[in-house]
Amino acid sequence: MRKATFSSKEALSFTDPRTGDAKKVIVGQWAKKVTSQRKFSVFLINLINWLNVSTVMETGTASGVNCCALSLSTAKKIITLEGSGDIAVLAKQNIEKYGNRKVEVIEGMVQETFKETIQAHQPELIFLDADHRSESIFKYLKDIHTLDTPPKAIIVHDIYWSKDMMEAWRNIISDQRYNLTIDLFQAGIIFPNHPTQKQHFTIQF
């Protein structure tokens with residue numbers, strides 16, 4: 001799927017759900033920019049399997065490459081949130097062609113659908129990759145704290161995307177509610193309520 005999507009010459013027109021700007025892109029070129037690296041998708045699959053996660057939630061479906069990869073894990077359900085209706089159509093086409101029935105795409109502004117979705121599905125692993133702004137990340141984390149049972153892991157993608165994201169990640173590391181955090185450079189992992197003294201690790205990935 002990754003190879004076929006990245007080589008696609010199809011044009012895609014959509015409205016950026018955050019800015020409202022109209023955009024037109026070539027699917028293959030665009031997908032390469034917005035899709036997680038293969039090795040990172042493999043890492044997420046292994047993490048899901050290791051944690052014995054049943055339900056996974058991803059923000060930012062894009063072309064659907066990553067959620068289809070995650071469907072190869074032992075998780076029973078992959079939920080992915082997409083803010084653009086046009087992008088969601090493309091993702092659903094790819095998921096129908098390359099994915100499986102584990103994947104469910106939820107359309108709508110992610111900040112508006114996020115809390116309702118986590119409360120309805122209680123995901124055990126949450127991958128935040130839709131909006132690389134600290135205000136959004138902290139809004140999502142606040143919503144996650146409303147859950148009766150915290151997820152086993154929260155992955156924040158692109159923690160070095162900007163100075164704003166770097167500062168957000170530093171604040172997360174120092175947050176006393178998160179006993180264990182791991183810096184993989186392209187992403188940070190939070191283990192809420194991990195049964196250990198507060199620790200932080202940086203790993204070359």
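None of the figures in this text is laboratory data; all of them are computed from the coordinates on show. All values reported here derive from a predicted model rather than from experimental measurement. Reconstructed Cβ throughout: ideal geometry from the backbone, glycine too, with neighbour counts over all protein chains shown.
Note on the chain: antiparallel DSSP beta bridges, both residues inside, total approximately 35 percent of the bridges counted. Zone of Phe201 (label point 7 Å along Cα→Cβ, backbone N under 16 Å): which residues in segment 50-78? Answer for this model: 50-51. Only helices enter this figure: runs of n ≥ 4 DSSP H residues, each worth -39500 (n - 2.57), summed and divided by the residues of the chain, yield -12000 deg cm²/dmol at 222 nm to the nearest 500. Backbone phi angles across segment 138-154, fed through the Karplus curve with coefficients 6.51, -1.76 and 1.60 (θ = phi - 60°), yield HN-Hα couplings of 6, 5, 5, 5, 4, 5, 4, 5, 7, 6, 5, 10, x, x, 5, 7, 10 Hz in residue order; Gly and Pro are listed as x. Charge tally for His194 (other residues, Cβ to Cβ under 11 Å; Lys, Arg +1; Asp, Glu -1): +3. 3J(HN,Hα) along segment 111-121, derived from phi through the Karplus expression 6.51 cos²θ - 1.76 cosθ + 1.60 where θ = phi - 60°, amounts to 4, 8, 9, 4, 4, 4, 5, 5, 6, 6, 10 Hz, with x in place of Gly and Pro.
Among residues other than Phe205 with Cβ under 10 Å from its Cβ, the summed charge is 0 (Lys and Arg +1, Asp and Glu -1). Go through Lys3/Lys152; Lys33/Lys198; Lys77/Lys97 and tell me which ones have a Cα-Cα distance over 29 Å in this structure. Check vs 29 Å cut-off fails for Lys3/Lys152; Lys33/Lys198. A cut-off of 5 Å between modelled amide H atoms, ignoring neighbours fewer than 5 places along the same chain, links Asp129 with Thr59.
Look at the alpha carbon pairs under 8 Å that are at least 6 residues apart: their mean separation over the length of segment 35-202 gives a relative contact order of 17 percent.
Ranking of Tyr98, Tyr160 by neighbouring Cβ atoms within 10 Å, starting from the fewest: Tyr160, Tyr98. What's the center-to-center distance, using Cα atoms, between segment 1-66 and segment 167-205 in Å? Distance between centres, Cα-based: 24 Å. Working note: Karplus 6.51/-1.76/1.60 with θ = phi - 60° gives segment 51-67 the couplings 7, 6, 7, 8, 10, 10, 10, 10, 9, x, 6, 6, 7, x, 4, 5, 5 Hz, where Gly and Pro are set to x.
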